[in-house]
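These notes are about the structure you will find just below.
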Amino acid sequence: MTQFNYSAAAELFPGKNIHRPQTSRYRRFSSAAEAVRYVIEDMPTELVRSSILEVEEQRFDGAQIRGLYDAEAFPLARMALA
């Protein structure tokens with residue numbers, strides 16, 4: 001993956017779950033790092049896979065978002081494991 005700009009603005013298009021009403025909706029974030037953390041730490045797990053994050057005209061699916069969160073370059077503190 002090329003250099004990812006965690007400080008760029010980001011748009012999140014949450015995935016859908018056919019078994020539950022829509023619990024998440026489109027959101028804008030001032031930084032991609034905040035968006036990535038929100039997806040991994042706050043969104044229901046079943047929505048992550050089909051979610052799309054758009055940053056600087058590039059799109060990232062759920063697996064790629066997870067990779068951005070797990071990357072050494074991720075600039076925010078991660079949630080402590082239980």
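Residues of segment 44-63 include at least one that is loosely packed, with under 15 Cβ neighbours inside 10 Å, at pLDDT below 95 and part of a helix (DSSP H, G or I).
When you check Leu81 against the structure, is it over 19 Å from Gln3 (Cβ atoms) and either modelled with pLDDT of 95 or more or of a type in the set (A, V, I, L, M, F, W, C) (or both), yes or no? When the stated conditions are applied, Leu81 passes them. Restricting attention to segment 3-25 and to residues that are modelled with pLDDT of 90 or more and closer than 15 Å to Ile52 by Cα, the residue that is farthest from the chain's Cα centre (by Cα) turns out to be Ala9.
The values are calculated or read from the model by the stated rules, or taken from the named source; none is laboratory data. The structure displayed is predicted, hence computed values, not measured ones. Backbone-built Cβ (ideal geometry, glycine too); neighbour counts: all protein chains shown.
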